[in-house]
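Working notes, structure below.
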Amino acid sequence: MGATPGVGAKLAARVRHWFADLGFKQMWQLVVVLVLAVTALFGGLDSVNTKVTVFEPGEDFSDGQYTLVVDRAALVGEIKDGTRVVLPEQPGRHYLGLVVRITNDGTVPGNLLKEFDLVGHPDQRFVGAYRMADSTYNSALGPGLSEELAFFWELPDTDVAAGQSVTLRVWKKKFIELFVTYGKTWIDSETDYGEITVPVKARS
């Protein structure tokens, strides 16, 4: 039997109404789902090539947004600035600090809190970035500015020891325009990153 007259038109109207009711976030999620579905038809994401750039302490590395130079890594039980406690002592845990000179090469302020991924330590907790000059918390860096910062992770005190090394990743970034009304932003690559292995010292 043929379709009842008007059913196709009613269905099309319902679909148009459903799309019209979607907010921006829901529409973006739908687009992501559709892209993943189409990708799966062509063999999934396994064929995507990952590009790793290995760099060393003391060497300039650019992720597109920032140029950074990793200086050193050290373990410490607590962080103080004079008599002020910046990061308090935690029973059974200690802090891994990574000292970095970082410059914002872009034209907009940049978020610092997701710059590094500490690899292979599932029980770690990132606790922030602090200026070496005055121990103030620093979550962002303005365009053209440069700072020497210490990035800190809280770890079990049995996880990393002085004399060992830690590996960190820095994801490459691209500056893209989202939409006219949403401005521009830096987006992490899903495949390309820099990787550095740093020896860990005990803080004296």
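Where strands (runs of 3 or more DSSP E) fall wholly inside region 112-183, the ranges with 2 or more residues that are under 21 Å from Gln90 (Cβ atoms) and at pLDDT 95 or above are 125-131, 146-156.
With respect to Ala133, determine if the residue is over 28 Å from Thr50 (Cα atoms), exposed (fewer than 15 other Cβ atoms within 10 Å of the Cβ), touching a residue at least 60 places away in the same chain (Cβ under 8 Å) and more than 19 Å from the chain's Cα centre (by Cα). Taking the combined requirement at face value, the residue does not satisfy it. Is it true that some residue in region 167-175 is surrounded by fewer than 16 Cβ atoms within 10 Å (Cβ to Cβ), touching a residue at least 60 places away in the same chain (Cβ under 8 Å) and out of contact with any helix residue (DSSP H, G or I) (no Cβ under 9 Å at 6 or more places or on another chain)? The answer is yes; a qualifying residue exists. For region 108-140, the set of residues classified as within 20 Å of Val69 (Cα to Cα) and touching a Pro at 6+ places or on another chain (Cβ under 6 Å) consists of Ala140 only. Here Asp81 clears all of (1) touching a Ser or Thr at 6+ places or on another chain (Cβ under 8 Å); (2) under 25 Å from Asp123 (Cβ atoms) except the condition numbered (2). In region 54-68, the count of residues that are more than 30 Å from Gly142 (Cβ to Cβ) and either among the aliphatic types (A, V, I, L, M) or at pLDDT below 95 (or both) is zero.
Taken over region 70-93, the criterion of being part of a strand (DSSP E or B) and in contact with a Pro (Cβ under 8 Å, 6 or more places away or on another chain) is satisfied by Val70, Asp71, Arg72, Ala73, Arg93. Looking across region 46-88 at every residue that is over 18 Å from the mean Cα position of the chain (by Cα) and at positive phi, the one that is surrounded by the most Cβ atoms within 10 Å (Cβ to Cβ) is identified as Gly58.
Scan region 185-200 for residues that are surrounded by fewer than 17 Cβ atoms within 10 Å (Cβ to Cβ), more than 13 Å from Val170 (Cβ to Cβ) and touching a strand residue (DSSP E or B) at 6+ places or on another chain (Cβ under 8 Å) and the total you get is 4. Only one entry in Leu112, Leu141, Leu98 is under 24 Å from Ile79 (Cβ atoms), in the same structural domain as Asp63 (by TED's automatic domain parsing) and either more than 15 Å from the chain's Cα centre (by Cα) or surrounded by fewer than 17 Cβ atoms within 10 Å (Cβ to Cβ) (or both), namely Leu98.
The values are calculated or read from the model by the stated rules, or taken from the named source; none is laboratory data. Keep in mind that what you see is a predicted model, and the values were worked out from it rather than measured. Here Cβ is always computed from backbone atoms with ideal geometry, including for glycine, and neighbour counts include all displayed protein chains.
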